[in-house]
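Shown next, in structure tokens, is the structure this report addresses.
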Amino acid sequence: MARRKAGLGERHKKILKFLEKFQTENGYPPSIREIGENTNISSTSVVNYYLNQLEEMNFIERESNVSRGIRLVKTLEGNLVNAAQAITEMFSVPVIGRIVAGEPVPVPSSDFNYYDQETGIDIARSLLPPREKTSDLFALEVQGDSMIDAMVNDGDIVVMRPVSQANNGEMVAVWLADRDETTLKYFYLEDGHVRLQPANPQMKPIIIDNPAQVQVQGKVVLVIRRMEGA
């Protein structure tokens with residue numbers, strides 16, 4: 001990668017402009033993938049490279065263990081962002097089981113629900129969309145590496161909103177009724193069948209000919225990354 005020049009480059013400026021615009025319009029930070037798509041950067045690793053530099057220059061702060069853990073500290077014009085926008089309000093989401101990000105595997109008869117009912121994880125309210133109902137959310141521990149290009153790794157926690165239907169391109173937990181198996185994948189309904197697409201170029205999509213056999217259990221709204229050494 002090219003040697004960095006001192007000060008803000010054009011990509012730094014594009015990212016800062018997008019961060020401010022997205023935060024203002026949505027009330028929560030964008031994901032790394034959304035930053036790349038809106039600033040014409042195709043690689044998430046390159047987005048991370050520029051975000052790290054912006055953090056070094058004190059334009060942003062980052063929570064390394066969550067997917068939308070970016071807080072704008074200073075605008076492109078050098079104006080400080082109100083500290084009241086910092087992450088403050090916390091709430092607990094129950095962790096109710098595991099979800100496989102790989103080849104689907106059988107689930108117990110109780111479906112996802114095999115963790116202790118008191119198991120939970122604390123997250124910041126400001127990381128979620130403003131109208132998200134926190135009382136409905138649940139979390140699952142990820143097992144496998146089929147979604148690594150979506151920044152979802154083995155051992156991470158995905159926070160889910162319970163839904164029974166999904167739009168194309170959404171990351172969802174699904175139960176395959178005919179196999180009694182569950183998996184985490186991108187969902188696509190096309191040409192009369194369902195394609196469950198991994199985010200790993202070494203893995204092939206799962207094609208389900210009968211859409212009725214695919215039961216959507218929840219949609220991913222937040223990824224909490226496993227801390228190294230945890």
Task: Residue within the stretch 190-198 that is modelled with pLDDT under 90 and closer than 30 Å to V46 by Cβ present - done: no
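This table checks each residue for (1) closer than 28 Å to E132 by Cα; (2) over 19 Å from the mean Cα position of the chain (by Cα); (3) surrounded by 16 or more Cβ atoms within 10 Å (Cβ to Cβ).
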| position | (1), (2), (3) |
| --- | --- |
| L19 | yes, no, yes |
| I41 | no, no, yes |
| T44 | yes, no, yes |
| N58 | no, yes, no |
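Here's the yes/no breakdown for (1) within 17 Å of the chain's Cα centre (by Cα); (2) modelled with pLDDT of 85 or more; (3) in the same structural domain as Q197 (by TED's automatic domain parsing); (4) small (G, A, S):
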position: L128; (1), (2), (3), (4): yes, no, yes, no
position: R131; (1), (2), (3), (4): no, no, yes, no
position: V158; (1), (2), (3), (4): yes, yes, yes, no
position: M171; (1), (2), (3), (4): yes, yes, yes, no
Open item on the list: For a quick check of your reading of the model, give me the residue pairs whose first member lies in the stretch 165-189 and is closer than 16 Å to V221 by Cα and in contact (Cβ under 8 Å) with a residue 24 or more places away in the chain, whose second is of a type in the set (G, A, S) and assigned to a loop (DSSP other than H, G, I, E, B), with beta-carbon atoms closer than 6 Å and at least 6 apart or on different chains.
Closed with: V172/A166; L184/A101; F187/A166
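The values are calculated or read from the model by the stated rules, or taken from the named source; none is laboratory data. Note that the structure is a prediction, hence the values are computed from the model and not measured. Here Cβ is always computed from backbone atoms with ideal geometry, including for glycine, and neighbour counts include all displayed protein chains.
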